[in-house]
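Heads up, the thing below is written out as structure tokens.
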Number of protein chains: 6
Amino acid sequence: MRILYAVPGPMDRKELDRRVAMLRSWAAPGTEVDIVCASEGPASIESMYEEYLSIPAAMKLIYAAQADGYHAAILGCAGDPGLDAAREITDTLLVVGPGQTSFQVAAMLGHRFSVLTIEDSMIASSYELAYKAGVQAKLASVVSVNIPVLELATNRAASMEKIAAAGHLAVERDRADVLVLGCMSMGFLDVAKEIEAAVGVPVVNPSLTGLKVAEALVGSSLMHSKAAFATPPKLKSGKVTDLDDLYIRL
Amino acid sequence: MRILYAVPGPMDRKELDRRVAMLRSWAAPGTEVDIVCASEGPASIESMYEEYLSIPAAMKLIYAAQADGYHAAILGCAGDPGLDAAREITDTLLVVGPGQTSFQVAAMLGHRFSVLTIEDSMIASSYELAYKAGVQAKLASVVSVNIPVLELATNRAASMEKIAAAGHLAVERDRADVLVLGCMSMGFLDVAKEIEAAVGVPVVNPSLTGLKVAEALVGSSLMHSKAAFATPPKLKSGKVTDLDDLYIRL
Amino acid sequence: MRILYAVPGPMDRKELDRRVAMLRSWAAPGTEVDIVCASEGPASIESMYEEYLSIPAAMKLIYAAQADGYHAAILGCAGDPGLDAAREITDTLLVVGPGQTSFQVAAMLGHRFSVLTIEDSMIASSYELAYKAGVQAKLASVVSVNIPVLELATNRAASMEKIAAAGHLAVERDRADVLVLGCMSMGFLDVAKEIEAAVGVPVVNPSLTGLKVAEALVGSSLMHSKAAFATPPKLKSGKVTDLDDLYIRL
Amino acid sequence: MRILYAVPGPMDRKELDRRVAMLRSWAAPGTEVDIVCASEGPASIESMYEEYLSIPAAMKLIYAAQADGYHAAILGCAGDPGLDAAREITDTLLVVGPGQTSFQVAAMLGHRFSVLTIEDSMIASSYELAYKAGVQAKLASVVSVNIPVLELATNRAASMEKIAAAGHLAVERDRADVLVLGCMSMGFLDVAKEIEAAVGVPVVNPSLTGLKVAEALVGSSLMHSKAAFATPPKLKSGKVTDLDDLYIRL
Amino acid sequence: MRILYAVPGPMDRKELDRRVAMLRSWAAPGTEVDIVCASEGPASIESMYEEYLSIPAAMKLIYAAQADGYHAAILGCAGDPGLDAAREITDTLLVVGPGQTSFQVAAMLGHRFSVLTIEDSMIASSYELAYKAGVQAKLASVVSVNIPVLELATNRAASMEKIAAAGHLAVERDRADVLVLGCMSMGFLDVAKEIEAAVGVPVVNPSLTGLKVAEALVGSSLMHSKAAFATPPKLKSGKVTDLDDLYIRL
Amino acid sequence: MRILYAVPGPMDRKELDRRVAMLRSWAAPGTEVDIVCASEGPASIESMYEEYLSIPAAMKLIYAAQADGYHAAILGCAGDPGLDAAREITDTLLVVGPGQTSFQVAAMLGHRFSVLTIEDSMIASSYELAYKAGVQAKLASVVSVNIPVLELATNRAASMEKIAAAGHLAVERDRADVLVLGCMSMGFLDVAKEIEAAVGVPVVNPSLTGLKVAEALVGSSLMHSKAAFATPPKLKSGKVTDLDDLYIRL
């Protein structure tokens, strides 16, 4: 099985290598994982504005991945930017959004889950993601740890403490019995087990869980529904044969 | 009061002129309406993929409109592409999405409304729009008229008939008591009153209603909430001063 | 455009004059606003009991306003007493309830709104109003300022302080990002802008917004749906021709 | 136990006698049932307008019933006109609304219930009643039998047939497994058992069930919550001592 | 009318006698109440595991009660273990679950109710019960008093204090205006009136209310819906004639 | 990784062997799958009564599986009988319910899913399962194929036709874009791919998907939440050390 992890923005080679190494260490025997990043896009995603900025270039990665014969692609951002669009333009490549997937996995494990997000500016979009995932009924709360994405890894201990504090708040105030790390950078910080030990409830790591669910869906021969994510009419009709043809200039 | 109608993609001058003339004929005394289109983007919006494609260029129009002193901007697509992002990057310019606004106005007029959309491929996103607007509780159904956007105006009589048939279905099968035209091209076809006469329930035209609500909100000195649509951290901190600085290339 | 502001109970001439002057100062060019009050009814509305008491006489004002050729009537109480009945007995006069309208406008501006109500005894009915408006999904909370209606204006500074405190509570505890003043007397106290400055989120004034939305709906040629608010069968059949004929005595 | 059945409008003596005889035949040993009607009000209730018209006079019956030492009062209309107000002005007399009560009893018996209402003009208010009762989650549909209240009893066989047809529709199309007769005149037509036999699902008769639930609640020493239905501030403060004092004239 | 109170597990004779004496003291004239317990099952029910353990033996009591000609049976546990199964295997015996019934009665009395449960381990199942009862919309919260069932009666004063404290919390923090005792052992402690006096809102006692509602439903000639609770196909087809025949051994 | 598939009732050796062979053919490299059935219980599960009958013996299988060092157990019935109880009595063995899991996986693939169930008698419990899974918001409908479990495999072609017809109905009438086979016997009939081809939307097979999700969760080091599924107090306190000790006899 071949899975592509597609980062929706520029990322330096070293970090790409670190991430793909973690993904490969998590992969089941027989799963081949590659990583790629868009050559242009936002430096990091901390707002809806930056989410949207990232989509056009990321979609080209997805479209190319299907042509390249990958079985699944994972969007490399827990906001799942452009997930519906990615599914519209594919029909043999399964596209997985690690955000929605993590929420759905949290729903498998308990009655109420809370999302730990990076900054206050991303709280509203986490609620929206729970709506899209269909699991709003189990969402206890979204709590921000208030650490900018790009500073998350620079002081791991301080980040850990803030994340655990947010987790405690979710459990005690909001009666969460499962937590979800709401950001891929938190995911690749690889702190889920530590937070789990500190807070006492399961912690879903979107980086890991996105991969394992992609494997499970491909292993179940399941594809996202084309009745739900219809191919854009202009593509379907064959009037255009390349994504670039859908974008025109005056 | 100065209002800008911002079309999120290339549009020919003649159609721009026709639309702005209609908008000006609807405007209250004292309201000045301008129109502008993005110089690049999708030819028309019939999928989420094309919605996302339209956002980056459209956001630049919005950002410039604020700098230019406009009081309000109306996104020229009933899918409200990038509405949350547009509100994140503005704080003196009110941004109105005609889709959500029309749904909320429909909620003002009756108990249950249906949306008449262009193609099956846009049904799912209309439900999502009702969620974002907060009026899901009154959404009776979304019914597709199955006419491609670009063919809507070419045979007005045939389009009218299909739209009225969809309206009848919504009223009889789904108990809708208000209808919303779910597309700006339907709006500028100026058929709301005819559909209203044919079907017997109020029909909300997003082209007209988007403008009147923009006037009402500016006239009420109301701005979208910055607590809901926070300025992107990188912009807020002053680290970047231009939208282009948020977009990097490897 | 002719709009009538109909106060559902006796009010002294001076206060009527003060209110209509404010309304006229807010009106768009071309809008003519009149005010009228019922000659009998409750002294003020602080309970559902008093809301119901106010309806029969207020409905006569509405029925007469239609006969008189007004384009719209605004119910002069944010509880929207009898709004559905008022819409049942009219078909050329648009009836606007400032309570529901303000909630719907709040939904246009953010993700979650709170209502600041006058007394604990009105909290439950504010939740019901949000249900009727179809925007329950965005209602964060209803917070009482605990000032009797008739004392609200006697000490403006103290009232302001209590209102701002309730607003802060809504924003911090309940994550509201928009506030609604839940009472017309609060509205005509004209404190929205001060509260907005104090609390930092948009504040919807039902007195002002009710008027601006009435203008917007009439300007959109929209009427409340008669499929939703059917004319009472006895009126429709022509068996009775006057409202008084619907009321009999043993 | 003393229970008063309070008809919210004028009714002729013969019909009052017929109804109270039925109620007494249903009453448990030890329950004393009386009937009273308002001396003025609507001839029948087929719209929200008429519901509101009936409230002021009906409330006086309720207030007097408490002074008179009754344990419970049943509003004699399945629309429960003014139920919240009636509960605001009482604290030793339990007030039961037969509409909401029947919906709650239907929720006790199955998974999904449908309401059979009299006319299309009352459908919307039945949905609202389910919201107030808190059992919206189990409401399958509201189906109108389209017989005017005052004609219901004149041709019992024809009425029966229409009611059964509406019941079949609810069961087959809307998957209802319990039915509720949505009108007291249907209730006193005493057709529940026949409809039950014809359609094959339990049928809740509000006339009978309203009485039995009143007995059960009084027998459980339960009163409606004053925390939910607060006494109007002017009454509570003792500033007024009579309902009439809450109603003023210019 | 003959009603059986069926305890789903072994209980000593003295406690059975005490409980049936209370039930008989509450019964209406003409109601005959008996009590029976299963000869095997859990010692007490403090988990879903123990609820399920209790069901097979309890169902035999229910099946026998129908054969014995009882009009109604009340499950002797506020978790309503196996209520749906009990209704599947009966069609002339009404089966009442005191848990769901109490929630529905609470919905009759106010806007928001809270459930006081015995231990944290039963909180989740109380939310599920509210879903089954169809009254989730009015559930304010579930608060645990943290007293093991079997210790509840040993120190009545201490239990009372903890229950009242939980009630105060529900009213003040969660805006409950009605309380429900979420356990039959609490019910037979007979503390509802004391809690009501201490906290100031109505308190529903499932032991008492289960009985009074059973009387009301039988008195209304209402049976649970067989369209909702279908007879198991093997029983319906007549292939098996005894419950034991549905249970096979390898 | 060691996974146990636990059938909650007696099953003949040949069918056990057939099922475990299919499971092993689906398992990832490194996953060892065993199968076991309860030595007593219902012949098949077509009602809630039979679901409950199956739980006590099935729980012993689960408890023993944990002692035996399995990493996960899958309940062998798509009604997930006793899932919450199974999770209460385990803390190192992950328990997966194939019903809820399939619903959650369906939520991953589209906007609306329908469940194809075996008999009308199981429709209500499928809705309840969607509530427990937290994905009610995406449940389009439950459609019965009306084939008794034990006859499903005897005429595969006829069964296939009925299942496909139910699938078409769900897609066309209820707008489902994903289907779930609501029964393990349907799952092991191995018809998902054929139905998918016939109906044109993804079909989730609970037999296969239950296994793949168990692998994914174990591979993610995730366990069901003990904060959600608390160990029964008597077990936790150490007062009893064996499941049998929780069951007493008079």
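The values are calculated or read from the model by the stated rules, or taken from the named source; none is laboratory data. Keep in mind that what you see is a predicted model, and the values were worked out from it rather than measured. Note: ideal-geometry Cβ built from the backbone for every residue, glycine included; neighbour counts use all protein chains shown.
I'm trying to understand the selection: among the residues of region A:34-46, which are buried (at least 24 other Cβ atoms within 10 Å of the Cβ) and over 15 Å from the mean Cα position of the chain (by Cα)?
A:GLY41, A:PRO42, listed by residue number.
For (1) of a type in the set (Ser, Thr, Tyr); (2) more than 14 Å from chain A (Cβ to nearest Cβ); (3) within 22 Å of F:ASP84 (Cβ to Cβ), each residue gets a yes or a no:
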{"position": "F:GLY210", "(1), (2), (3)": "no, no, yes"}
{"position": "F:SER220", "(1), (2), (3)": "yes, no, yes"}
{"position": "F:LYS226", "(1), (2), (3)": "no, no, yes"}
{"position": "F:PRO233", "(1), (2), (3)": "no, yes, yes"}
{"position": "F:LEU243", "(1), (2), (3)": "no, yes, yes"}
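Conditions tested, residue by residue: (1) crowded, with 21+ Cβ neighbours inside 10 Å; (2) among the β-branched types (Val, Ile, Thr).
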site	(1), (2)
A:LEU129	yes, no
A:VAL145	yes, yes
A:VAL149	no, yes
A:ARG156	no, no
A:LEU181	yes, no
A:GLY187	yes, no
A:ALA198	no, no
A:VAL203	yes, yes
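Considering only residues that are under 20 Å from F:TYR127 (Cα atoms) and either part of a helix (DSSP H, G or I) or not assigned by TED's automatic domain parsing to the domain that holds F:SER39 (or both), which ones fall in region F:56-84? Before the answer, list the steps.
Taking region F:56-84 as the starting set, the residues that turn out to be under 20 Å from F:TYR127 (Cα atoms) are F:75-84.
Selection gives F:LEU83, F:ASP84.
Residues in region D:215-226 that are buried (at least 21 other Cβ atoms within 10 Å of the Cβ) and out of contact with any Leu (no Cβ under 7 Å at 6 or more places or on another chain): how many?
Qualifying residue count for the region: 3.
When region F:69-85 is examined, which residues are found to be facing another protein chain (nearest Cβ under 8 Å) and crowded, with 24+ Cβ neighbours inside 10 Å? Write out each step before concluding.
Looking only at region F:69-85, we keep the residues that are facing another protein chain (nearest Cβ under 8 Å), and these are F:82, F:84-85.
Matches in region F:69-85: F:GLY82, F:ALA85.
Tell me which of these B:GLU88 doesn't satisfy, since it passes every other one: (1) touching a helix residue (DSSP H, G or I) at 6+ places or on another chain (Cβ under 7 Å); (2) crowded, with 23+ Cβ neighbours inside 10 Å; (3) more than 7 Å from every other protein chain (Cβ to nearest Cβ); (4) touching a residue at least 40 places away in the same chain (Cβ under 8 Å).
Of everything listed in (1) touching a helix residue (DSSP H, G or I) at 6+ places or on another chain (Cβ under 7 Å); (2) crowded, with 23+ Cβ neighbours inside 10 Å; (3) more than 7 Å from every other protein chain (Cβ to nearest Cβ); (4) touching a residue at least 40 places away in the same chain (Cβ under 8 Å), B:GLU88 misses just condition (3).
Conditions tested, residue by residue: (1) within 29 Å of A:ILE35 (Cα to Cα); (2) of a type in the set (S, T, N, Q); (3) touching a strand residue (DSSP E or B) at 6+ places or on another chain (Cβ under 9 Å).
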site: A:LEU129; (1), (2), (3): yes, no, yes
site: A:ALA140; (1), (2), (3): no, no, yes
site: A:ALA153; (1), (2), (3): yes, no, no
site: A:ARG156; (1), (2), (3): yes, no, no
site: A:ALA166; (1), (2), (3): no, no, yes
site: A:GLU172; (1), (2), (3): no, no, no
site: A:VAL180; (1), (2), (3): yes, no, yes
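Can you tell me which residue within region E:101-114, out of those that are facing another protein chain (nearest Cβ under 7 Å) and polar (S, T, N, Q), is farthest from E:LYS212 (Cα to Cα)?
E:GLN104
Which one of E:ALA130, E:ALA153, E:ALA176, E:ALA158 is outside any strand (DSSP E or B) and touching a residue at least 40 places away in the same chain (Cβ under 8 Å)? Lay out the reasoning, then the answer.
Values: E:ALA130 fails: touching a residue at least 40 places away in the same chain (Cβ under 8 Å); E:ALA153 fails: touching a residue at least 40 places away in the same chain (Cβ under 8 Å); E:ALA158 fails: touching a residue at least 40 places away in the same chain (Cβ under 8 Å).
Residue meeting the stated conditions: E:ALA176.
Among (1) facing another protein chain (nearest Cβ under 10 Å); (2) at pLDDT 95 or above, which single condition is A:ALA43 missing?
(2)
Considering (1) closer than 30 Å to E:LEU246 by Cα; (2) at pLDDT below 95; (3) of a type in the set (Lys, Arg), say which one E:ARG87 fails and leave the rest.
(2)
Cβ-Cβ distance below 9 Å, separation of 6 or more or different chains: which pairs start in region E:1-28 with a residue that is free of Cβ contacts under 8 Å to residues at least 60 places away in the same chain and not assigned by TED's automatic domain parsing to the domain that holds E:GLN66 and end on one that is in a strand (DSSP E or B) and polar (S, T, N, Q)?
Going by the 9 Å Cβ cut-off, there are no qualifying pairs.
Among the residues of region C:133-150, write down those that are more than 14 Å from chain B (Cβ to nearest Cβ), modelled with pLDDT of 90 or more and outside any loop (DSSP other than H, G, I, E, B).
Keep residues of region C:133-150 that are more than 14 Å from chain B (Cβ to nearest Cβ), which gives C:141-150.
When the remaining residues are screened for being modelled with pLDDT of 90 or more, the result is C:141-146.
C:SER141, C:VAL142, C:VAL143, C:SER144 - these are the residues of region C:133-150 that are more than 14 Å from chain B (Cβ to nearest Cβ), modelled with pLDDT of 90 or more and outside any loop (DSSP other than H, G, I, E, B).
How do the pairs read when you match residues in region B:206-220 that are free of Cβ contacts under 8 Å to residues at least 60 places away in the same chain and part of a helix (DSSP H, G or I) with residues anywhere that are buried (at least 24 other Cβ atoms within 10 Å of the Cβ) and of a type in the set (Ser, Thr, Tyr), using Cβ under 8 Å and keeping only pairs 6 or more apart or on different chains?
Hits for this filter: B:ALA216/C:THR209.
Can E:THR92 be described as in the same structural domain as E:SER225 (by TED's automatic domain parsing) and among the polar types (S, T, N, Q)?
Details: in the same structural domain as E:SER225 (by TED's automatic domain parsing): yes; among the polar types (S, T, N, Q): yes.
Taking the combined requirement at face value, the residue satisfies it.
Residues in region B:2-23: is at least one among the aromatic types (Phe, Trp, Tyr), within 12 Å of chain A (Cβ to nearest Cβ) and surrounded by 24 or more Cβ atoms within 10 Å (Cβ to Cβ)? So that I can check it myself, show each step before the final result.
First pass over region B:2-23, keeping only residues among the aromatic types (Phe, Trp, Tyr): B:5.
Checking the rest, the ones that are also within 12 Å of chain A (Cβ to nearest Cβ) come to none.
So far as region B:2-23 goes, no, none of its residues is among the aromatic types (Phe, Trp, Tyr), within 12 Å of chain A (Cβ to nearest Cβ) and surrounded by 24 or more Cβ atoms within 10 Å (Cβ to Cβ).
Take the residues of region C:47-68 that are crowded, with 21+ Cβ neighbours inside 10 Å and hydroxyl-bearing (Ser, Thr, Tyr): which is farthest from the chain's Cα centre (by Cα)?
My answer is C:TYR49.
Quick check on E:GLU161: is it in contact with an Asp or Glu (Cβ under 6 Å, 6 or more places away or on another chain) and modelled with pLDDT under 95? Outline the logic, then answer.
Values: in contact with an Asp or Glu (Cβ under 6 Å, 6 or more places away or on another chain): no; modelled with pLDDT under 95: yes.
No.
Is it true that B:MET48 is farther than 21 Å from B:ALA65 by Cα, modelled with pLDDT of 95 or more and either outside the structural domain of B:PRO81 (by TED's automatic domain parsing) or aliphatic (A, V, I, L, M) (or both)?
When the stated conditions are applied, B:MET48 passes them.
Does region A:104-117 contain at least one residue that is surrounded by fewer than 19 Cβ atoms within 10 Å (Cβ to Cβ), touching a residue at least 24 places away in the same chain (Cβ under 8 Å) and farther than 30 Å from A:PRO232 by Cβ?
Start the filter on region A:104-117 by keeping residues that are surrounded by fewer than 19 Cβ atoms within 10 Å (Cβ to Cβ), which leaves none.
For region A:104-117, residues surrounded by fewer than 19 Cβ atoms within 10 Å (Cβ to Cβ), touching a residue at least 24 places away in the same chain (Cβ under 8 Å) and farther than 30 Å from A:PRO232 by Cβ: absent.
Out of all the residues in region B:141-176, which are of a type in the set (A, V, I, L, M) and over 21 Å from B:SER47 (Cβ atoms)? Give the derivation first.
So the first thing to find is which residues in region B:141-176 are of a type in the set (A, V, I, L, M), and the list is B:142-143, B:145, B:147, B:149-150, B:152-153, B:157-158, B:160, B:163-166, B:169-171, B:176.
Hits for region B:141-176 are B:ALA157, B:ALA158, B:MET160, B:ALA164, B:ALA165, B:LEU169, B:ALA170, B:VAL171, B:ALA176.
Condition test on E:LEU246, is it more than 21 Å from E:MET59 (Cβ to Cβ) and not aromatic (Phe, Trp, Tyr)? Write out each step before concluding.
Working: more than 21 Å from E:MET59 (Cβ to Cβ): no; not aromatic (Phe, Trp, Tyr): yes.
In short, no.
Conditions tested, residue by residue: (1) touching a Gly at 6+ places or on another chain (Cβ under 8 Å); (2) at the interface with chain D (Cβ under 9 Å from one of its Cβ atoms).
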position: E:ASP174; (1), (2): no, no
position: E:MET184; (1), (2): yes, no
position: E:GLU194; (1), (2): no, no
position: E:PHE229; (1), (2): yes, yes
position: E:GLY238; (1), (2): no, no
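What about D:VAL201, is it farther than 30 Å from D:MET1 by Cα, at pLDDT 95 or above, assigned to a loop (DSSP other than H, G, I, E, B) and in contact with a Leu (Cβ under 9 Å, 6 or more places away or on another chain)?
Details: farther than 30 Å from D:MET1 by Cα: yes; at pLDDT 95 or above: yes; assigned to a loop (DSSP other than H, G, I, E, B): yes; in contact with a Leu (Cβ under 9 Å, 6 or more places away or on another chain): yes.
It is true that D:VAL201 is farther than 30 Å from D:MET1 by Cα, at pLDDT 95 or above, assigned to a loop (DSSP other than H, G, I, E, B) and in contact with a Leu (Cβ under 9 Å, 6 or more places away or on another chain).
Can you tell me which residues in region E:114-127 are in contact with a Ser or Thr (Cβ under 8 Å, 6 or more places away or on another chain), hydroxyl-bearing (Ser, Thr, Tyr) and in a helix (DSSP H, G or I)?
Across region E:114-127, the qualifying residues are E:SER121, E:SER126.
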